[in-house]
Each structure stands twice: as C-alpha cells, then as structure tokens.
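Asker: The following block contains the structure, expressed as structure tokens.
The values are calculated or read from the model by the stated rules, or taken from the named source; none is laboratory data. Nothing here was measured: the structure is a model prediction, and the numbers come from that model. FYI the Cβ positions are ideal-geometry reconstructions off the backbone, even for glycines, and counts take in every protein chain you see.
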Amino acid sequence: MQILDRRLNPSGKSLPNRQRFLRRAKSLVQEAVRDASAKRDIRSADEGGEVSIPLHGIREPSFHLGSGGIRDHVLPGNKEYREGDEIARPPGGGGGGGGSEGAPDGGGEDAFRFVLSREEFLSLFLDDLELPDMAKRRLVDGADPAWHRAGYSVSGSPANLSLPRTMRNSLSRRIALRRPKPEEVQALEEEIAALEGKPEHAERVLELRAELERQLLRTRRIPYIDPIDVRYRRFEPVPKPVAQAVMFCLMDVSGSMTEDMKDLAKRFYTLLYIFLQRRYKHVEIVFIRHTHEASEVDEETFFHSRETGGTLVSTALEEMRKVVADRYPPSEWNIYAAQASDGDNAAGDSQKTARLLVDTILPACQYYAYIEVGREGEHGIPGFPRGPTDLWRTYEALVNAGAPLAMKKVRHRREIFPVFRELFAKRGVTEGASA
Amino acid sequence: MNIVTRPKDLLLYEGADWNFDTLMRIHDACEEVAGRELGLDWYPNRIEVISAEQMLDAYASTGLPLFYRHWSFGKHFAQHEALYRKGLRGLAYEIVINSDPCVSYVMEENTATMQALVIAHAAFGHNHFFKNNELFRQWTDAKGILDYLEFGRGYVQSCEEQHGEMAVERVLDSAHALMNYGVHRHRRRAPDLMSEQKRERERREHDEQMFNVLWSTLPEKAAQPTARGEEERRRALLQLPQENLLYFLEKSAPRLAPWQREILRIVRNVAQYFYPQRQTKMMNEGCATYTHHRILNRLHQQGRISDGAMLEVLHSHSSVIMQPDFDDPRYSGMNPYALGFAMMEDIERICREPTEEDRAWFPDFAGCGDPMPVLRHGWAEFRDESFILQFLSPALMRKLRLFHILDDSAQPVLRVDAMHDERGYRRLRRALARQYDPAWTDPDIQVVDVDLGGDRKLILEHRVVHGRLLEEQEARQVLRHLASLWSYDVLLREVDPASGASLREHAVSPPR
C-alpha cells in the first residue's frame with residue numbers, strides 16, 4: 001500500500017492536447033472569437049471567455065445504428081402496463097430512450113462550448129495581424145538580464161558543480177603530489193602475499209611492508225578530492241536588449257467631438273494598446289489632446305474633461321514632436337501614433353499639419369494611424385452632404401504621395417474591430433487607406 | 001445486540017479533515033474487513049491524491065494516466081472543464097486504473113468520509129474485480145499496461161517528430177473512428193505488451209521480406225473453374241472475413257508506412273484494453289458498491305466511523321444507486337450502479353433467506369448461508385450479459401418493476417412484450433441481458449473481401465439485425481477514414497443475413 005501526493009505535480013498536463021485541439025479547430029474558433037469580441041465591450045476584449053463552435057467541425061465519427069428497425073427496451077418502474085398493451089409512440093421518436101443512445105457525445109447537440117483563456121483568446125484574435133517595423137531594440141535599465149556562461153569559479157551552488165573540471169583538478173593534484181595509485185598499493189600487497197612465509201625473502205618482506213605502510217599513509221594524507229579541486233560553473237548576467245514601444249494617442253477634444261466619438265476613439269486606443277503589449281515588453285502611452293493648443297495629459301483628463309476652443313491639429317503634432325525629442329529618441333523607441341479626430345481643422349492649418357507630419361513625425365514613427373470618427377448615420381442626413389473633411393483631404397493627399405500613413409473612418413462601435421483588423425492586417429498596411 | 005461502549009479512540013478519524021495518516025488508517029481498516037470478512041483478493045494498492053484539474057486531465061484521456069497526444073483529448077478536457085466551471089457537473093470522487101499495482105486517484109476535496117468510501121469502493125471493490133474477473137484476466141495485462149502506455153506515448157511522439165504532427169494526426173483520427181472495431185472478440189493471443197518495442201523493430205525488418213498478396217503481379221491463371229477455390233484461398237490468406245478492422249488494416253493495408261501500422265496497433269491495443277470494461281460495467285460497479293457498503297457498515301458497527309460519518313456515507317450511497325423510473329425526467333437508461341448493487345444484495349438475500357420461488361430458480365445456492373463464495377464466483381466468471389441471464393431473480397424483476405417494450409418502426413404503436421409476471425420473467429431477463437451484450441448492441445461489421453483482380457476495392461458487410469441500419473451520415477464519415485487508411489475504394493454493404501439481400505450500400509473513395 002502506497003499513498004502518493006500528486007497534487008504538486010506540474011499542472012497543465014493536457015496543454016499539448018489543448019493546443020492541438022485549438023489548432024485543429026482554428027478556423028472555427030477564430031470565427032467564434034471574432035463573433036464574441038464583436039458583441040462584447042471593448043474594455044473586456046482582452047479577457048478570455050466562453051466561445052461556442054459548431055460541433056460538426058470537430059466530430060469524432062463512429063459507426064452506430066440509425067433509427068428504424070425493431071428495437072427492444074427494458075425499462076424499470078412499470079406502473080399500469082400489462083403484457084400485450086399497446087402504447088402510442090412518444091413524440092420525437094426515441095421510443096422511451098434507454099438502451100440505444102447513439103453517439104456518446106450526444107448526437108443532438110449542435111454547438112460545442114468551452115472556455116478560452118485570455119492568452120488564447122488574444123492570440124486567436126490577433127493571429128493574422130502584424131505590427132509594422134518593430135525592429136528597434138536597446139538595453140533598458142531594470143530589464144531581466146540573460147545569464148551567460150562565464151568560466152569557472154571556486155564557489156557556487158552544488159547544482160552548478162562542474163564534475164569534469166573538478167575531477168581534472170583532482171587528478172593533476174594527485175599526480176603532482178604522487179598519491180599512490182590503488183594498483184600500486186595492490187601490487188605491493190600481492191608481492192608481500194607471494195613472498196610471505198618464505199624465510200629467504202624475510203628481509204625483502206620487511207622492506208615491502210615498510211613501503212606499503214608509507215604508501216598507505218600517503219594515501220590517507222593526500223585526499224582523493226580536496227576542497228581546492230572543486231570548481232563550479234559560473235554565470236554572468238548580461239543585459240538583454242529589449243524592444244520597447246511608446247504609443248501616442250492624439251485626440252481632438254474641441255467642442256465638436258462628442259462623448260460618443262471619444263468613446264469610439266478610446267476603443268481604438270485600447271485595442272492598439274493590447275496589441276502593442278503583446279509584442280513589446282515595455283509599452284508606454286502618451287496622451288496628447290488638442291483644441292487650438294495642445295498639451296500632454298493623463299488618461300483621465302484625456303478622455304473625460306472638456307475643453308473649448310478652435311481646432312489646430314498642427315499643435316498636437318508639434319507637442320508630439322517635442323515629447324519625442326525630450327523623452328523618446330526614435331533610435332531607441334518604437335513609436336506608434338494614433339490620431340483620432342472628427343476631421344475638423346482650422347482653415348490654413350492644413351499646410352502646416354502636412355509639413356510637420358511629413359518632415360518630422362512620420363520619419364520618427366513606426367506607424368501612424370488616423371481614425372476619423374463620426375456620428376452614426378451621419379452620411380445619410382439629407383440636405384447636409386458631407387464630403388471628405390479637411391483633415392481627411394489633407395491626409396489623403398499625403399497618402400497618395402506615398403507617405404506611410406494609415407487612415408480609416410469609424411462611425412459605430414461595431415466597426416472598430418474590422419477597421420483595426422484592416423489597419424494591421426499582415427502586409428499592405430498603407431494600401432488600407434483608400435477607403 | 002448488546003450495547004457496546006464506543007470509546008473515542010476507536011474512531012479512525014473525526015470531522016471532515018484528513019491527512020495521509022488518516023488515509024493509511026482507513027485503508028488498513030478496510031483491508032481488514034475486505035480480507036477477513038469478504039475474502040477479497042486484490043492487487044497491491046496505490047492511492048494517489050490529485051487536484052480537480054488533474055481529475056479533469058484524467059477524464060480527458062479516458063482515465064488513463066498517460067496517453068499519447070491527440071486533439072480529441074483536448075476537446076474532451078475543454079468540454080468537461082466548461083461544464084465543471086459552470087457547476088453543471090461535479091467530478092467523480094475517484095478514478096481507478098486496472099493495473100498492478102492498482103492505482104486509485106482520489107480527489108483532495110473529498111471529506112474524510114468520502115475518502116473512506118472511495119477507498120473501500122475503488123481500492124478494494126474494483127480492484128478485486130479487475131484482478132479476478134475472467135474477462136480482465138484474459139484480455140488485459142494489468143502489469144504491462146502502464147509500460148505499454150508509456151511506450152505508446154513515446155512512439156507517437158517520435159512519429160510526430162519524424163513525420164510531422166499533421167501526418168500523425170490523420171492516422172490517429174482514422175484509427176479512432178474505427179476504434180470500436182479494433183477488438184478481437186474471440187481469439188486470444190497471449191498478451192505480450194512488455195516486448196512491444198522489440199516487436200516493432202522486428203516488424204520493420206520482417207516487412208521488407210514479407211510477401212503481400214496485394215502486390216502480386218504474377219499473371220493470373222486462365223483456368224476459370226478454379227475461381228471458387230481461388231477466392232477461398234485469397235480469403236484464407238488475408239484471414240477473411242475479419243471483424244477486427246484495425247487489425248486487418250494494420251496487417252494488409254497496401255500503402256501504409258510501418259510507423260502508421262504501428263500507430264494502428266497502439267490504438268487497437270488500447271481499445272482491446274477497454275473492451276472488458278464495456279462488457280462488465282454493471283457488474284464492476286455492483287461489485288464495488290456492494291463492497292463499500294459491506295465494509296463501511298462493518299466499520300460503523302465496530303465503532304470505527306462515527307454515526308455522522310455513516311449518515312454521510314448513506315447519503316452518497318443512496319444517491320449513487322438511485323434508479324429513476326422510465327417516466328421520470330431524470331431517467332437516462334439503467335443505472336449500472338443501481339442494477340449492479342441490487343443484484344448483489346438480491347444474491348445475498350437468496351443465500352441467507354430464500355423464498356420457495358428462489359429455491360426453484362436458484363437451487364444450487366439458495367439458502368446456502370454465505371453469499372460471499374457465490375458472489376466471488378459470479379464476479380470472476382461472468383460478464384454483464386451472462387450475469388443477468390444467470391442471476392437476475394423474479395423477485396428483483398418485480399421489485400424494479402421491469403417491463404419489456406418492443407419498438408417496431410413498421411408498427412404505429414409500441415407493444416409491451418413482457419413484464420414482471422410468471423409468463424414474462426424469462427423473456428424479460430433475456431431481453432435485459434441482450435442490452436448488455438456488445439455483440440447485440442453494436443453493429444456487426446466485417447471485412448469480407450478485397451477485389452484483387454480489379455481495383456483493390458475493399459468490401460465490408462454489415463449484417464443487419466432486425467432491420468436496424470447504420471446512421472448514414474456518420475457511417476460515410478467513418479468510411480472515409482477507412483478509405484484513407486486503405487488507400488483504395490471502400491464499399492460497405494448492409495445485408496440481411498437471412499436472405500443475403502443487400503439493403504443499402506455505401507461506396508467511398510479515398511481522399512486524393
């Protein structure tokens with residue numbers, strides 16, 4: 001009889017099976033994930049959750065009998081039936097259930113529901129998305145160092161004991177100090193044994209005995225392994241280059257931006273943040289809001305406080321340029337910027353905006369996305385035809401001139417995911433700007 | 001009964017908490033009763049304490065502790081997990097593995113009383129059954145199973161490394177679809193699971209020299225009159241008809257690589273290992289339930305578990321053996337625990353205080369006084385089907401109020417064919433026994449021929465019983481898997497065994 005405690009065994013034994021299952025059902029799960037994420041609040045978009053996929057894609061078929069033919073059922077709990085009684089067939093066929101169920105999985109079920117973890121959910125959701133240019137790496141303070149082998153040391157933990165090196169030292173020391181080998185001692189003993197009892201060799205035996213005594217003493221004095229032989233493998237911390245990113249959120253907060261529009265923008269920023277976090281170890285966020293002047297603010301102020309004033313987009317870009325120059329040298333940081341606006345800009349500022357963007361901002365950025373938020377059904381209002389906004393026209397011209405800029409219009413929450421996916425779809429980021 | 005004072009120190013444990021010493025004491029107490037009073041004979045026990053997640057793990061791989069990797073286990077895990085998390089389903093208190101030593105997994109969440117129940121149930125009841133039942137003795141190798149699973153897992157993994165996960169997955173998918181048809185029902189080769197590894201190497205060498213009739217390119221003799229004899233010879237060579245489809249494919253599928261054959265073999269051996277379980281589910285649970293009932297009652301009588309604990313035992317026990325009536329919404333077939341336990345208790349009753357009827361029906365043991373030899377004999381020599389045929393008494397049929405319904409889809413109504421009365425007992429018993437006979441409940445599908453002269457089409461036959469045809473959609477899916485292993489066309493004929501007429505045919509070509 002044995003009692004074993006298995007609770008401490010590493011968990012996640014079935015993880016490989018799960019991964020195989022997810023891979024197998026990938027297209028189905030991915031679809032389900034997208035459906036699920038479209039329905040849920042974006043703030044919880046990065047949580048795992050239950051998804052449901054159609055069963056047919058992951059069925060394990062086996063031979064079993066269909067309906068029809070003659071069947072027997074033996075059932076318990078007879079109340080009033082007598083032999084020969086006839087009973088109307090219960091609706092739905094089954095014939096009283098029992099004895100003949102088909103698939104063990106329950107053939108009637110048409111959806112398979114299970115729970116995805118946050119990681120799985122996101123990796124499926126972001127699976128075919130790609131961050132453009134995430135190449136810049138540099139050494140950051142406080143990042144986890146990587147440990148590299150660096151020779152041997154005389155102290156260390158037993159786990160790092162280097163046996164070959166220790167034994168080598170031991171061997172050379174034993175040779176240098178002439179520690180008798182076991183064979184030599186044995187040879188002496190054998191010789192003594194051979195000569196013993198023969199009076200003619202008595203003297204020789206005495207000599208040999210003395211020699212043996214000396215050898216044994218020496219063996220005892222010179223240890224086989226001495227503490228000075230012991231060597232440990234040494235490791236040295238080497239700072240690891242880390243890819244780090246900073247994300248600039250630029251937003252127009254002038255009176256024309258409603259709470260709804262801000263909410264749309266916020267959703268987009270959240271997605272971008274999640275996405276960046278998955279690819280970079282360090283992601284910092286800078287919030288810059290602007291009316292006719294721009295300032296860097298914290299998140300709370302950014303989304304919730306109201307400002308009045310005109311609209312000068314160039315001020316935000318100017319502010320961003322300053323922050324970049326101050327704190328985020330483009331050589332060390334991967335810079336991502338997302339601008340949200342309703343498209344208004346003061347007449348005459350467009351030129352300045354375009355110049356700033358092309359000359360300083362875009363060269364420093366890995367990626368620059370412009371999201372134009374609007375009210376739902378806006379383009380449908382009769383008598384109020386809205387052509388492209390000022391900002392849109394400005395940016396479109398830039399894109400047509402080949403600037404690496406992505407732009408999209410969003411009017412409703414449900415469009416956020418598709419737009420995001422389109423902006424970051426693998427390959428061809430900038431082509432997405434034509435909508 | 002004289003009043004026994006029950007000093008506190010007799011108790012094995014108090015309250016719900018337990019530790020390893022408690023488990024040890026419980027085990028030893030159970031062992032004493034199981035050995036001295038019930039005369040059970042078991043493999044050495046190994047009790048492993050596991051967490052809920054590990055229990056889910058074990059669920060997913062059908063209770064085996066180590067298994068090769070396959071997506072379907074991940075699927076089952078996800079399914080169980082979702083149900084468990086929502087609280088729709090509790091977890092089993094234990095899982096027991098037919099191995100030597102016999103491994104019982106017990107959950108850490110169980111109370112001390114539940115642990116006592118589980119140990120008596122699994123570590124002695126199931127364990128005794130595994131060790132003594134003829135089916136298990138004949139078909140499974142308790143000593144070798146853990147080693148074999150280890151080998152299987154390693155082999156599949158090395159195949160994945162060599163041939164890629166996808167290729168291995170395809171073979172496993174197909175093999176799993178045919179798993180129920182990977183069982184030898186009649187013949188029995190001496191089990192030799194320990195030397196599988198060596199055998200696998202030898203197979204590869206052997207294959208190179210093997211003569212496979214399928215590849216024979218010698219011109220056929222023109223003589224027509226011998227066609228009959230020719231067919232006989234071919235069938236004999238391919239060992240046809242063959243009901244073990246996986247075995248047939250492993251030996252004769254023309255285009256499988258050696259590693260694919262080996263995987264088929266692994267799946268087949270696992271299926272074979274589970275084959276007795278399916279046939280003895282009811283008895284096995286009955287044996288274990290009866291054992292825990294006897295042991296715990298005795299421990300209570302001896303004052304070694306408290307009255308409160310006994311109430312907890314009775315509560316679990318009675319919910320386990322609950323059998324809802326057929327018209328109850330909770331009804332989902334015969335509860336194997338209920339029927340098994342009822343039969344064991346009934347046998348005890350017949351041995352101790354038989355009625356005249358019992359004496360007439362069971363002359364050889366009615367009134368013999370000691371039920372244990374009768375039960376031990378029953379547990380050793382029977383399977384569910386034959387056990388019911390042999391031991392189900394009229395008294396029990398009346399008690400359960402069993403009745404037999406004949407459901408003929410050609411008739412507009414169901415008919416009550418037999419019930420618990422003098423005229424019906426024997427027919428009722430036969431009908432119930434049949435429900436536990438896989439030969440009766442599983443469709444009988446065999447490989448009957450291979451068209452060697454033509455396009456190597458594989459021909460299978462489903463011998464239709466009582467006009468019950470296969471479920472068509474699913475049958476086609478399975479046949480597709482079969483065809484992908486066979487690599488040529490496959491034809492499944494559903495025939496009426498009486499007239500030989502073909503009722504339906506399914507033809508499937510291998511995926512290109």
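Asker: When you check residue B:477 against the structure, is it assigned by TED's automatic domain parsing to the domain that holds residue B:389 and either over 30 Å from residue B:398 (Cα atoms) or in contact (Cβ under 8 Å) with a residue 40 or more places away in the chain (or both), yes or no? Let's see the steps before the verdict.
Answerer: On the way: assigned by TED's automatic domain parsing to the domain that holds residue B:389: no; either over 30 Å from residue B:398 (Cα atoms) or in contact (Cβ under 8 Å) with a residue 40 or more places away in the chain (or both): yes.
Criteria not met by residue B:477.
Table: residues versus (1) modelled with pLDDT of 85 or more; (2) assigned by TED's automatic domain parsing to the domain that holds residue A:287; (3) farther than 25 Å from residue A:277 by Cβ; (4) not in a helix (DSSP H, G or I).
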site: A:315; (1), (2), (3), (4): yes, yes, yes, no
site: A:318; (1), (2), (3), (4): yes, yes, yes, no
site: A:330; (1), (2), (3), (4): no, yes, no, yes
site: A:337; (1), (2), (3), (4): yes, yes, no, yes
site: A:357; (1), (2), (3), (4): no, yes, yes, no
site: A:362; (1), (2), (3), (4): no, yes, no, no
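Asker: Tell me, which helices (runs of 4 or more DSSP H) lie completely within the range B:315-382 with 3 or more residues that are within 14 Å of another protein chain (Cβ to nearest Cβ)?
Answerer: Once the helices (runs of 4 or more DSSP H) in the range B:315-382 are filtered for at least 3 residues that are within 14 Å of another protein chain (Cβ to nearest Cβ), what remains is B:336-352.
Asker: Residue B:4 fails exactly one of the following numbered conditions: (1) modelled with pLDDT of 80 or more; (2) more than 13 Å from chain A (Cβ to nearest Cβ). What is the number of that condition?
Answerer: (1)
Asker: For the range B:15-32: of the residues being part of a loop (DSSP other than H, G, I, E, B) and loosely packed, with under 14 Cβ neighbours inside 10 Å, which is farthest from the other protein chains (Cβ to nearest Cβ)?
Answerer: B:15
Asker: Let me ask another. For the range B:402-452, give me every one of the strands (runs of 3 or more DSSP E) that falls completely inside it and has 2 or more residues that are without any contact (Cβ under 8 Å) to a residue 40 or more places away in the chain and crowded, with 16+ Cβ neighbours inside 10 Å.
Answerer: B:403-408, B:413-419
Asker: Looking only at helices (runs of 4 or more DSSP H) that fall completely inside the range B:79-158, which ones have 2 or more residues that are over 15 Å from the mean Cα position of the chain (by Cα) and more than 14 Å from every other protein chain (Cβ to nearest Cβ)? Give the steps one after another, and end with the answer.
Answerer: Working: elements: B:112-118, B:127-132, B:134-139.
Of the helices (runs of 4 or more DSSP H) lying wholly inside the range B:79-158, those with at least 2 residues that are over 15 Å from the mean Cα position of the chain (by Cα) and more than 14 Å from every other protein chain (Cβ to nearest Cβ) span B:112-118, B:127-132.
Asker: Hey, could you check the range B:453-462 for residues that are assigned to a loop (DSSP other than H, G, I, E, B) and of a type in the set (D, E, K, R) and say which is surrounded by the fewest Cβ atoms within 10 Å (Cβ to Cβ)?
Answerer: B:455
Asker: Please give the number of the condition residue B:305 fails out of (1) surrounded by fewer than 23 Cβ atoms within 10 Å (Cβ to Cβ); (2) modelled with pLDDT under 90.
Answerer: Exception for residue B:305: condition (1).
Asker: Turning to a different aspect of this structure: From B:340, B:333, which residue is modelled with pLDDT under 90, within 25 Å of the chain's Cα centre (by Cα) and outside the structural domain of residue B:469 (by TED's automatic domain parsing)?
Answerer: Result: B:333 is the single residue among B:340, B:333 that is modelled with pLDDT under 90, within 25 Å of the chain's Cα centre (by Cα) and outside the structural domain of residue B:469 (by TED's automatic domain parsing).
Asker: What is the residue count in the range A:225-255 for residues that are more than 30 Å from residue A:306 (Cα to Cα), part of a loop (DSSP other than H, G, I, E, B) and in contact with a Lys or Arg (Cβ under 7 Å, 6 or more places away or on another chain)?
Answerer: 2
Asker: Follow-up question, since we're still on this one. Considering only residues that are among the hydrophobic types (A, V, I, L, M, F, W, C) and more than 18 Å from residue B:287 (Cβ to Cβ), look in the range B:345-362 and name the one that is surrounded by the most Cβ atoms within 10 Å (Cβ to Cβ).
Answerer: Checking each candidate, the answer is B:362.
Asker: Still on this model: Is at least one residue of the range B:464-475 closer than 28 Å to residue A:75 by Cβ, surrounded by fewer than 16 Cβ atoms within 10 Å (Cβ to Cβ) and more than 9 Å from chain A (Cβ to nearest Cβ)?
Answerer: Looking for residues that are closer than 28 Å to residue A:75 by Cβ, surrounded by fewer than 16 Cβ atoms within 10 Å (Cβ to Cβ) and more than 9 Å from chain A (Cβ to nearest Cβ), one finds none in the range B:464-475, hence no.
Asker: Any residue in the range B:51-67 that is surrounded by fewer than 18 Cβ atoms within 10 Å (Cβ to Cβ) and more than 30 Å from residue B:164 (Cα to Cα)?
Answerer: Looking through the range B:51-67, at least one residue is surrounded by fewer than 18 Cβ atoms within 10 Å (Cβ to Cβ) and more than 30 Å from residue B:164 (Cα to Cα).
Asker: Another question, if that's okay. Look through A:92, A:97, A:69, A:106 and report the one residue that is surrounded by 14 or more Cβ atoms within 10 Å (Cβ to Cβ) and modelled with pLDDT under 70.
Answerer: The match here is A:97.
Asker: One residue is enough: does the range B:203-223 have a residue meeting the conditions modelled with pLDDT of 80 or more and in a helix (DSSP H, G or I)?
Answerer: So far as the range B:203-223 goes, no, none of its residues is modelled with pLDDT of 80 or more and in a helix (DSSP H, G or I).
Asker: Evaluate the range B:237-255: report whether one residue or more is within 30 Å of residue B:135 (Cβ to Cβ), modelled with pLDDT of 70 or more and loosely packed, with under 11 Cβ neighbours inside 10 Å. First the steps, then the outcome.
Answerer: Going residue by residue through the range B:237-255, those that are within 30 Å of residue B:135 (Cβ to Cβ) are B:238-253.
Okay, now just the ones that are also modelled with pLDDT of 70 or more, so B:238-253.
Now drop any that are not loosely packed, with under 11 Cβ neighbours inside 10 Å, which leaves none.
The answer is no, given that none of the residues of the range B:237-255 is within 30 Å of residue B:135 (Cβ to Cβ), modelled with pLDDT of 70 or more and loosely packed, with under 11 Cβ neighbours inside 10 Å.
Asker: Residue under question is residue B:58, and the condition is that it be more than 8 Å from chain A (Cβ to nearest Cβ), in contact with a strand residue (DSSP E or B) (Cβ under 7 Å, 6 or more places away or on another chain) and at pLDDT below 85; does it hold?
Answerer: Yes; evaluated as a whole, the condition is true for this residue.
Asker: If residue A:216 satisfies all but one of (1) in contact with a Ser or Thr (Cβ under 8 Å, 6 or more places away or on another chain); (2) closer than 30 Å to residue A:172 by Cβ; (3) surrounded by fewer than 16 Cβ atoms within 10 Å (Cβ to Cβ), what's the number of the condition it fails?
Answerer: Residue A:216 satisfies every listed condition except (1).
Asker: Contact list please: Cβ distance under 6 Å, first residue in the range A:245-274 and in contact (Cβ under 8 Å) with a residue 40 or more places away in the chain, second residue among the basic types (Lys, Arg), pairs at least six apart or on different chains.
Answerer: What qualifies is A:251/A:289; A:253/A:289.
Asker: Being free of Cβ contacts under 8 Å to residues at least 24 places away in the same chain and part of a loop (DSSP other than H, G, I, E, B) is the filter here; which residues of the range A:67-87 pass it?
Answerer: Of everything in the range A:67-87, those that are free of Cβ contacts under 8 Å to residues at least 24 places away in the same chain and part of a loop (DSSP other than H, G, I, E, B) turn out to be A:68, A:69, A:76, A:77, A:78, A:79, A:80, A:81, A:82, A:83, A:84, A:85.
Asker: On to the next question. Just give me the residues in the range A:271-312 being more than 17 Å from the chain's Cα centre (by Cα), in a helix (DSSP H, G or I) and not acidic (Asp, Glu), in sequence order.
Answerer: Scanning the range A:271-312 gives A:301, A:302, A:303, A:304.
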